[in-house]
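Novice: Just dropping this structure here.
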Amino acid sequence: MQLIDLLQVATLPPALIERLSENYQIHQCVDGAGADELLEKVGPNIRGILAGGTQGPDANLIGSLPNLEIIASHSVGFDATDVVAAQSRGVLVTHTPEVLTGDVADLAMTLILMVTRRVGESERFLRRGEWLKKRMDFGVTVKGRTLGILGLGRIGKAVARRAEVFGLNIAFHDIQPMGDLPYRHYPTLTDLADASDILLVACEGGPANRGLVDASILKSLGSKGYIVNTARGPIVNQKDLIEALKSGVIAGAGLDVFDGEPTVPDELLEMENVVLTPHIASSTHETRRAMADLVIANLDAHFSGKPVLTPVPPQVS
């Protein structure tokens, strides 16, 4: 049987690659090393690309593959892939929504609780033996506070449902019409930040939203406010965030994503009022298995002449 050639441009779970290798020929080009030589050799044979949430093909790569049919992203976000360039050529782009919603929402809620209750700081306090000398300062309760959600999509709604259980009031800002919801809508992000005690970043990434949360938004959030980001690092202006945390413009942050990850600025690493995790929102065995299943199902469906299960919505105007 002739194996279908796929180009892998993202770091993906070895188990997924092993499963795909049963029916596909995988050509790895993750870090760009040797890309020209590889593409000269196999470029005309490539019919699919394996992408990820933070690593995907740009317009030049997409345009250089004459027989490319599909880009399968192992993520819910697809901002690392030039979807417009792909769809303009009639190339399908798929992603893995829904299957990771619960785990991402769980981590977002965890970060909300950790940063407000100072859990990370408390653990370090205990491990250093300081509890033997004094009591630690208090955190704050979340009950009765307002959680402002930037981007009320699948994950934003899932966090809202969890937050309600903890007694949080829910507000949101989204550019898409949301219909009839029991949450207060704010027409601008500034209005939302001004009304929120905790601001959750849950919107899509990409160039349009780069730096969306900047110094002015953080100032509106205020000195008793917290920001939590489980979406994409570049949505928050990292330089402005660091300055806001250092100067007390906001009270703290819970961050699972960073601009330039996996590199994390030393200033963030050294701050006590920041909870940091290494982009693990979807990192459970169960969710990663479900994501891999969906990548494979999309590829198998396409190359069997069937509709893909989870296409990225049209981005071409």
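Novice: Condition (residue is farther than 30 Å from N67 by Cα and among the charged types (D, E, K, R)) applied to the range 285-308: is it met by at least one residue?
Specialist: So far as the range 285-308 goes, yes, one or more of its residues are farther than 30 Å from N67 by Cα and among the charged types (D, E, K, R).
Novice: Does I71 fit the bill of being free of Cβ contacts under 8 Å to residues at least 24 places away in the same chain, buried (at least 19 other Cβ atoms within 10 Å of the Cβ) and either hydrophobic (A, V, I, L, M, F, W, C) or in the same structural domain as H185 (by TED's automatic domain parsing) (or both)?
Specialist: yes
Novice: Let me ask you something else. Inside the range 213-250, can you point out the residues that are in a helix (DSSP H, G or I) and of a type in the set (F, W, Y)?
Specialist: Passing the criteria: none in range.
Novice: Among (1) over 30 Å from I296 (Cβ atoms); (2) crowded, with 20+ Cβ neighbours inside 10 Å; (3) in contact with a strand residue (DSSP E or B) (Cβ under 6 Å, 6 or more places away or on another chain), where does G120 come up short?
Specialist: Of everything listed in (1) over 30 Å from I296 (Cβ atoms); (2) crowded, with 20+ Cβ neighbours inside 10 Å; (3) in contact with a strand residue (DSSP E or B) (Cβ under 6 Å, 6 or more places away or on another chain), G120 misses just condition (2).
Novice: I've got another one for you. Could you list, in sequence order, the residues of the range 141-150 that are under 23 Å from D191 (Cβ atoms) and either aliphatic (A, V, I, L, M) or surrounded by fewer than 23 Cβ atoms within 10 Å (Cβ to Cβ) (or both)?
Specialist: V142, G144, R145, T146, L147, I149, L150 - these are the residues of the range 141-150 that are under 23 Å from D191 (Cβ atoms) and either aliphatic (A, V, I, L, M) or surrounded by fewer than 23 Cβ atoms within 10 Å (Cβ to Cβ) (or both).
Novice: Inside the range 171-217, can you point out the residues that are within 26 Å of T54 (Cβ to Cβ) and not hydrophobic (A, V, I, L, M, F, W, C)?
Specialist: H173, D174, Q176, E204, G205, G206, P207, N209, R210, G211, D214
Novice: State whether the residues of the range 158-177 include one that is closer than 15 Å to K224 by Cβ and within 19 Å of the chain's Cα centre (by Cα).
Specialist: Scanning the range 158-177, I find no residue that is closer than 15 Å to K224 by Cβ and within 19 Å of the chain's Cα centre (by Cα), so the answer is no.
The values are calculated or read from the model by the stated rules, or taken from the named source; none is laboratory data. Keep in mind the model is a prediction, meaning the values are calculated, not measured. As a convention, Cβ positions derive from the backbone with ideal geometry for all residues, glycine included, and neighbour counts pool all protein chains shown.
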